[in-house]
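A short write-up of the structure that comes next.
All of the numbers you see were taken from the coordinates with simple rules; none came from a lab. Keep in mind the model is a prediction, meaning the values are calculated, not measured. Methodologically, a virtual Cβ is constructed for each residue, glycine included, from the backbone with ideal geometry; neighbour enumeration extends over all protein chains shown.
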There are 2 protein chains.
Amino acid sequence: MANAQSNLPLNIMPLPAKVERAEGSLKIDASFRVTFVGFREPRLERAGQRCLHQVRRQTGIVLLSAGANTGAGALEVKTDHESKAIQELGEDESYTLDVTPGGAKLHAADPLGVVHGLQTFLQLIAISPDGFSVPAVHIEDRPRFPWRGLMIDSGRHFIPMEVIKRNLDGMEAVKMNVFHWHLSDNQGFRTESRKFPKLHEQGSDGLYYTQEEIRDVVEYARDRGIRVVPEFDMPGHSTAWFVGHPELASGSGPYQVERKWGVFDPAMDPTDEKTYKFLNEFIGEMARLFPDQFFHIGGDEVNGKEWDANPKIQAFKKSHKIKDNAGLQAYFSGRVQDLVAKHKKTPVGWDEVLVPGVPKTIVIQSWRGVDALAAAAKDGYRGILSNGYYLDLGWSAARHYAVDPLGGPAAALTPEQKQLILGGESCIWSEYVNAENIDSRIWPRNAAVAERLWSPDGTSDVASMYQRMETESARLEWLGLTHQSYQRVMLQRIAGSWSPAEFDALRALAQALEHEKDYAREASASAPPTSVTPLNRLVDAVYPESDVARRFSQATDLFVGSSCLDRVKEAEIRMHLAEWMTVDERLQALAQRSLLVNEAAPASSALSQAAKIALGALDAIQKGAPLSADQKKLQLDALSALEQQAHKSQLTVPELPAFQKLVEAASSGSVCAK
Amino acid sequence: MANAQSNLPLNIMPLPAKVERAEGSLKIDASFRVTFVGFREPRLERAGQRCLHQVRRQTGIVLLSAGANTGAGALEVKTDHESKAIQELGEDESYTLDVTPGGAKLHAADPLGVVHGLQTFLQLIAISPDGFSVPAVHIEDRPRFPWRGLMIDSGRHFIPMEVIKRNLDGMEAVKMNVFHWHLSDNQGFRTESRKFPKLHEQGSDGLYYTQEEIRDVVEYARDRGIRVVPEFDMPGHSTAWFVGHPELASGSGPYQVERKWGVFDPAMDPTDEKTYKFLNEFIGEMARLFPDQFFHIGGDEVNGKEWDANPKIQAFKKSHKIKDNAGLQAYFSGRVQDLVAKHKKTPVGWDEVLVPGVPKTIVIQSWRGVDALAAAAKDGYRGILSNGYYLDLGWSAARHYAVDPLGGPAAALTPEQKQLILGGESCIWSEYVNAENIDSRIWPRNAAVAERLWSPDGTSDVASMYQRMETESARLEWLGLTHQSYQRVMLQRIAGSWSPAEFDALRALAQALEHEKDYAREASASAPPTSVTPLNRLVDAVYPESDVARRFSQATDLFVGSSCLDRVKEAEIRMHLAEWMTVDERLQALAQRSLLVNEAAPASSALSQAAKIALGALDAIQKGAPLSADQKKLQLDALSALEQQAHKSQLTVPELPAFQKLVEAASSGSVCAK
């Protein structure tokens, strides 16, 4: 049995740099404790308490001796020295973990490595035939990139404190170390400013973080080995600033908090010295509030319309020989970077800030792509990748996982240039994200990005990634994240009063579908969505990536890839098709009673009809009666039309590629019927 | 459509005293607001904010004008006057609610009625073909009993603050008005005492409520129309007191916090004046901390062994002509009641405190039964019923619902005597309950008790109760209760890493089973459970009442009750039986890997085998081939044996009575096969 256990894969995510298995395991029982040797500090004690709390959550075991510092069955933590008072980019985050049947030892140079190592230890705890235990193992681990971030957009939808905190817990769990906090946008200015209180008072609908709360988040993050980089987007994306301070704008106002989504005209006046006087004071205040060395100034998506419409700005361009708005933005950006530097911070900006002559200190965050990032590195700029890591676009974990900051043209960089690529950041833009569903839009897929940024180059087994991600997903719910549990209450709201049969049909529908990808939702909405559009529809309740669809596709691939009829896979496929074929019928009555179910009816019907086509194909394969070319075309066309139909509900049917494969296999006769 | 909607039953729970439906409905959209006229106070404003928050949760609608006091689509709240500064037993809790398509009006004499009326309004919000709306209705409502309580035992397992608070939210939702807080027991003394800090410092394992937290709970409860009655159980159930204060005990000590469950020997020394000096100061401190008029002194389950073993106490009995330990307890109880009265409080005690000559002021809480309660009322004592409302025993909601404080012998009381029966309290004793699963042990069944205590005499439609309880159960999760969502994370812990097929089988098993009833768990445990026994087993994760089993029983009753073969019900029954028959097989591999699944294997096997027997019976009915008397006996015996087998996992198979009915129907030939 011990051998059987030691062959099971370890559910560590991100994968460590080096893992060696050994015989036996460390039993976890009521006597488990964490002890500290070497350098000690309250932060380490708190990390130990967090670890014990999480052991309780994961195992349900009552830890009698919590807090005691002696005894068997302990995890001994040895720390060589303190880390920097203000966490810095590139500090040592490595650790070594040794687990034997007699105990466990975690060794790290500083508390950052300890925090990471504790998470690895927690991930190793598993139920076994004898109860909970940790397999004997030797792990040496360190990150591939020093900048591994998650950006949360608190501007478009305000994200409450407790949601921010539980996502910091999630980041700690997967060893991410930068929380990039997008704190202002057209739709909201979310930070209390004591120097300029009209910013948050008039620009936030009352939804902002107090300075006390921000200090709390910074401290909470520091405990978890996470730096907090604030972003105040300028000169565009700044309508919310102008509600209280129209004098900063290039237009004549008055301004209101923006309710719509998109790129808007309002932009700061880059030609007026009082803009810089204001920003100097504001950046100074924020530089004191956020201790991190880096300070994000945004800089993206200025459409220039307010500049073009303002004669004074036109005159300024002429007198300063600035030939276009890009040049004007470069001028603004340079001035702001000077202010950031004056307040002893290092600026970060989106791609657009990279213009000829910009100081090499700036860090470029690339939303445009790895090409731009590589080009910047060639020019000697440091950069972080976000293109390919936009979690709000609804991509699969596998697709994010395939994106590498050192992939594409960056692979051809010199070692010195590669050093300039600091890592990456996943981003969750919050047009269609609120406190209720944000966890599900971040997790568990963010764990795949975290692994890409931590684990050694070449870590690329997608099947292993998914298997470990599913286990980690369960563990994240014990940390308080709600990315799984949110769904049932949302479906209950959609269904209203229900019979179990109806509710099961609705859940089967929800778990088979995904929301539209990329930016399709704006296009498919019946009315332009705004910040007050309720996020209470099926599109808001479905998972971004359907596990059911992924497994169905795997089964279909195996089925159509086998030269003889795979009866087991056939049965699995038939079971799903049978369920989906009945979904629409089972929801008819409920759709009559509930507007929200009725809005999903086109997608429900599309899934049912598509499943019926797939079943026809399967029958044809089973009978050994291949479809004609005409029949094949007819059915593939029908499937495409059904995908379009699903978009009426802003949903997509992720099983369609698998259905198409069944139709193609049925027409090729490649699967024999015996 | 409007007519179809107006015929749907209203999901109000507890049922109001009087409901009249009208045509049309009030649409709930972004303009919804709550306005106040008449008496106003901050507590009412907070109630309005809570209502708006809950509208957001229930509908997902962004309320733009929250806080504004004008506009259409409003709920206007009219309050005549303030309620008592300290909420009193028997205050006016009535309200009138009128909803028309143009708006809603809630009218109440005081804020207590408002709080109840707001909950009714929230329960009326439903999804419709046009979106969210409230049906037009006229409601006049008032409670049947003035004392409608929930007791939570924080002694045996400490229940954290946030769990207490969310259960107060739940109580508000179903109009309960007394939170009885069991704050000390052998296993823990849970209240900070500033006069005697050794009580909580040495008697709680560090798990206690600070006085600040208690004041917070009292205020939180008051906002919700709930009184807080503290209980300090004495002279028995008091081991935890003696850890820091052995001088109070009748034995020689030393004492330790008790880890086991049961009735124990330690008891206060009723013969020593320093006991009363201590209690005088302690009760004085607690009387100031808890503003409610009532003060619970426990008084239950003293076994007298420490008294019998103490020569000084024996001498006291002799010198005071006290003939037995009941008399000694009566002496103690009388002294303590005097102290309670001295501190201007009214005592409450369990049945045992009712002895000849006890002052009529005391309120008797009956755990022994409605007979004792009626007898007390005949003698002029006020009483509240808890027998029949012990939620930890795992009874069905229907069984609790059938218990009436004025049922049995109480029905024969005079109207004046009936007035003395103040109501009832559900109780959750926490031997097998902790922060993780307590919500599921209280909710939704507690809503049935709440309805019994609020709704008019004669409210007794069990089917209606279940239907409304299921809807309310969903709503309670929006309030933050976790009585549904807790289960998946517990099952994930039990399963460890899993395949979806295995996890589905485990969930099907969990949802088909219930935990053992009454006090069977102590008997069936392999080792005596204690306060540090992990509550991480399947028995801790299953719902106390299986909805699946209840619906299956209903289907079976309809099937065996029909004179001809009901094909629809037959198909439903077969579907369930087929699933259960495979559960055990599907869990075989997982049981090899997980100790916690393996411990449930006897129950899993019992369910599978019993389902197979039921299927055989169904086949016999379908074939029109009745079972012989011998076959019938054999199979009924087998079913009984399987129930015993399930107890090895501390579980019970609630489908067994339905299975038995199928076997009986198969042998009687009462269902024809055509």
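For region A:104-228, the Cβ-based charge dipole about the Cα centre amounts to some 360 debye (Lys, Arg positive; Asp, Glu negative; other atoms uncharged). Counting Lys +1, Arg +1, Asp -1, Glu -1, what net charge surrounds A:Ala601 among other residues with beta carbon under 10 Å of its beta carbon? Local charge sum for A:Ala601: -1. Think of the axis that spins chain B onto A; the B residue whose C-beta lies nearest it, and the distance in whole Å, is B:Ser485, 2. Look at the stretch A:483-494: the mean tally of other chain Cβ atoms within 10 Å of its residues' Cβ atoms is 4. Separation of region A:344-388 and region B:590-659, taken as the distance between their Cα centroids, equals 67 angstrom.
Residue ranges B:616-626, B:305-315 sort as B:616-626, B:305-315 when ordered by packing (mean number of other C-beta atoms within 10 Å per residue, highest first).
Please tell me which of these pairs span more than 25 angstrom C-alpha to C-alpha: B:Lys277/B:Lys345; B:Lys84/B:Lys175; B:Lys175/B:Lys342; B:Lys418/B:Lys517; A:Lys321/A:Lys344; B:Lys312/B:Lys360? Distance filter (> 25 Å) returns B:Lys175/B:Lys342; B:Lys418/B:Lys517; A:Lys321/A:Lys344; B:Lys312/B:Lys360.
If the chain linking B:Lys323 and B:Arg507 were pulled fully straight, counting 0.36 nm for each residue of separation and taking away their Cα-Cα distance, it would gain 60.5 nm. In this assembly of identical copies, the label point of B:Ala571 (Cα plus 7 Å along Cα-to-Cβ) is separated from its counterparts by 2.2 nm, sorted shortest first. Computed over neighbours whose Cβ is under 12 Å from that of B:Ala450, the net charge equals +2, Lys and Arg +1, Asp and Glu -1.
Here region A:102-157 is assigned +1 on the Cβ of each Lys and Arg and -1 on the Cβ of each Asp and Glu. Its dipole about the Cα centre then comes out at about 180 debye.
Considering only B:Thr96, B:Leu150, B:Ile139, and ranking their Cα positions along the charge dipole of region B:69-221 that arises from unit charges at the beta-carbon of Lys, Arg, Asp and Glu, the one farthest toward the positive end is B:Leu150.
The mean count of C-beta atoms from other chains within 10 Å of the C-beta of residues in A:469-477, rounded to a whole number, is 3.
Which one, B:Ser366, A:Ala512, A:Ser238, is farthest towards the positive end of the dipole of the protein assembly as shown when Lys and Arg carry +1 and Asp and Glu -1 on their Cβ? Of the options given, the answer is A:Ser238.
In plain terms, the chain from B:Arg288 to B:Thr414 could stretch by 41.6 nm, reckoned as 0.36 nm per residue minus the Cα-Cα distance.
Exposure proxy ranking for A:Trp181, A:Trp367, based on other Cβ atoms within 10 angstrom of each Cβ and starting from the fewest, stands as A:Trp367, A:Trp181. Each copy carries a label point for B:Pro528 at 7 Å from Cα along the beta-carbon vector; from one copy to the others these points are 7.3 nm apart, nearest first.
Excluding B:Ser440 itself, what net charge comes from residues whose Cβ is under 13 Å from its Cβ, given Lys and Arg +1 and Asp and Glu -1? With Lys, Arg at +1 and Asp, Glu at -1, the neighbours total -4. Estimated from the Cβ-Cβ distance and a Förster radius of 51 angstrom, the FRET efficiency linking A:Lys360 and B:Glu585 is about 0.20. When B:Asp457, A:Asp557 are sorted by how many other C-beta atoms sit within 10 angstrom of their C-beta, beginning with the fewest, the order is B:Asp457, A:Asp557.
Each peptide in B:33-42, A:135-144, A:289-298, A:437-446 was scored by the mean count of other Cβ atoms within 10 Å over its residues; highest first, the order is A:437-446, A:289-298, A:135-144, B:33-42.
Put a plus charge on the Cβ of each Lys and Arg, a minus charge on the Cβ of each Asp and Glu, and nothing anywhere else: the dipole of chain B about its Cα centre is then about 180 debye. In nanometers and ordered shortest first, the copy-to-copy spacing of the A:Lys318 label point, defined 7 Å from Cα toward Cβ, is 11.9. As a rough guide to protection, the peptides A:380-391, A:82-93 ranked by mean Cβ packing within 10 Å, highest first, stand as A:380-391, A:82-93.
Using a simple spin-label model with pseudo-atoms 7 Å out from Cα toward Cβ, B:Ala17 and A:His343 lie 6.2 nm apart.
For B:Asp457 and B:Glu88, a Förster radius of 22 Å and the Cβ-Cβ distance give a FRET efficiency of 0.40, rounded to the nearest 0.05. When DSSP beta bridges are restricted to pairs lying wholly in chain B, around 40% turn out antiparallel.
In whole angstrom, how far apart do the alpha carbon centroids of region B:465-487 and region A:526-568 sit? Using only Cα atoms, the two centres lie 28 Å from each other.
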